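No lab work stands behind these numbers, since they all come straight from the coordinates. Since the structure is predicted, the reported quantities are computational estimates derived from the model, not experimental observations. Ideal geometry is used to build each Cβ from the backbone, glycine not excepted, and the neighbour counts take in all protein chains shown.
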Amino acid sequence: MLTDTASLQTVLDVCGVFVFGLSGGLVAVRRGLDLFGVLVLAWVAGLGGGTIRDLFLGITPPVAVSDWRLLAAAVVAGGAVFLLHGVWEDDDARPAGGRRHVTRAVRLLDAAGLALFAVSGALVALSRDAGPLAATLIGGITAIGGGLLRDVLARQVPEVLQRELYALPALAGAALVVLLDRVDLLSPLTAWLAVALVFVIRVVAVALDLNAPRALRSTPTER
Amino acid sequence: MLTDTASLQTVLDVCGVFVFGLSGGLVAVRRGLDLFGVLVLAWVAGLGGGTIRDLFLGITPPVAVSDWRLLAAAVVAGGAVFLLHGVWEDDDARPAGGRRHVTRAVRLLDAAGLALFAVSGALVALSRDAGPLAATLIGGITAIGGGLLRDVLARQVPEVLQRELYALPALAGAALVVLLDRVDLLSPLTAWLAVALVFVIRVVAVALDLNAPRALRSTPTER
Amino acid sequence: MLTDTASLQTVLDVCGVFVFGLSGGLVAVRRGLDLFGVLVLAWVAGLGGGTIRDLFLGITPPVAVSDWRLLAAAVVAGGAVFLLHGVWEDDDARPAGGRRHVTRAVRLLDAAGLALFAVSGALVALSRDAGPLAATLIGGITAIGGGLLRDVLARQVPEVLQRELYALPALAGAALVVLLDRVDLLSPLTAWLAVALVFVIRVVAVALDLNAPRALRSTPTER
């Protein structure tokens, strides 16, 4: 049994919103969007997953519009990217290097957000008496939602449909939280261990370029 | 009056999820996505419409994450496409023929899913005391939603905006269910007849390339 | 205190749906879509924002599918664009001029819809006891939602991510409504003044090509 779910929940959410907000801001800057475009994309990436989670659980209005701490985390993330991007870019001699830099940074931030929201999503779902299957899937959707909306708005192929393992670590993390709850081992410590596990799996998958198998003889057409 | 709405409902939903799941899987394979991309797109296509329906009706969590039978139908559909796609493709001598094959298969499956979900969506809405207009529109949106989300994620022009009659058969089928309910003729038999009607109209529309009129002198720009 | 919120609400909504419906229809015609594509895009643009608002506030089914007046406004808007587009286009000698014409018209209609929905969204949120922050953000999202969904479906870069001030006037208008409510000055007159203010700010921003600052040394890549 978790004694202080609410505060753990908030910490996970604020951290998740912040790192996904950074990823959204970076995608926006790379696209050449202005300050408000950066803030909108930071907001969408940071708060999209939690909004879907809340709608799925009937929590209205969603925390994305009612909790000022989450809004502040997204705005700070977007603003920080906007202000610091020029400085950071200067470190790289060639623009191509800078762009690869950003892609890598987006992926790492994405992995952290994925881990935080998978656990947070499952925790909220359990606290609303969702069943084990629903809590696992809602955890996974919470983790994936923000990045998915970010990519759809920025018109890039959603990360979750790309080659490396993405949805699986999120679902595994959420399932682990459900399992821990079942065997009464859910605590802030074990919840953070679940976060760490998802993050490590995802980062290793990116680093090793671990791909799920592709259909034989499929003919990829980027139309 | 319908005596056994719940089981009819489930059968319609499982069938609809399965055929839309196949369509999502085929689109994913054609795009060269890996196993998880195929499963995600099968899940989105199969369960997207029902999720929108449930959110519109305040059913939380949506059946898409709480009913394991629907999830299983989507996973089986995605997995089947993934495994069988190579075999199937072998039948065709030229890759171009195979691709046309797939496009036709996606359209047929889409037509079946459209028919099943139009009726199922209207039934669920009526069971939740939605008015006739709301039940008709929710039926139409349930039918269109999954394919729409699939196309947005796979970055292709949504089928519903394309040339052949697509939304109209779905709305007609949902309206027919509402009408049957009004005159107390709604039964599993008449519900399945409504499914068959939508399917036939849509297939005939595709086969005859029936188009709704286009605005005069419009200048299509595919930017 | 507002004596007759419901009827003010309906007038704002019907006007907002109509102008956003026109914008959706114009985008569809420009894309060469047929009659149903035009109606679908008019419906999405006109009713998308209000649907998101209602889902965020737990109003089910959303008015977008239950209020025939709103549906009628969207259908009339889409139909009018479809019928009158050919006539209008005739006025222009060169197609390029026509297209610029349409782009400008879409922007003006968008500004009107933005203003109407920002105020309407905040009003509905307040009437459902949302807090000041939530009411402001829900007003902004209501204003932005329809155009955003329209642009995603029509596969163009969402207006809200583009250069000119877009989200800011909407948020300012919603915040003004919340403030007026706080100081007991909210009336149909002041609500319409808020609508006018948002419209004027947005139109001036477009006319003067007012841009928010862009990140230094960002490298815009339109991939």
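Multiplying the residue separation of C:Asp209 and C:Leu84 by 0.36 nm and removing their Cα-Cα distance gives an extension gain of 42.1 nm.
Rounded, prolate or oblate for segment B:5-207? Axes are the square roots of the Cα gyration tensor eigenvalues, ordered a ≥ b ≥ c, and the cut-off for rounded is a/c under 1.5. If you can, show how the numbers build up before the last one.
Values: a/c = 2.06, a/b = 1.58, b/c = 1.30.
The shape class here is prolate.
In this assembly of identical copies, the label point of A:Ala6 (Cα plus 7 Å along Cα-to-Cβ) is separated from its counterparts by 3.6, 3.6 nm, sorted shortest first. For segment B:29-85 versus segment B:110-139, the spacing of their alpha-carbon centroids is 19 Å. Dividing the mean sequence gap of close Cα pairs (under 8 Å, 6+ apart) by how many residues segment B:5-207 holds gives a relative contact order of 25 percent.
Rounded if a/c is under 1.5, else prolate if a/b beats b/c, else oblate: with a ≥ b ≥ c from the C-alpha gyration tensor eigenvalues square-rooted, which is segment A:125-174? Walk me through the intermediate numbers first.
Details: a/c = 4.21, a/b = 1.90, b/c = 2.22.
Oblate is the answer for segment A:125-174, as a/c is 1.5 or above yet b/c matches or exceeds a/b.
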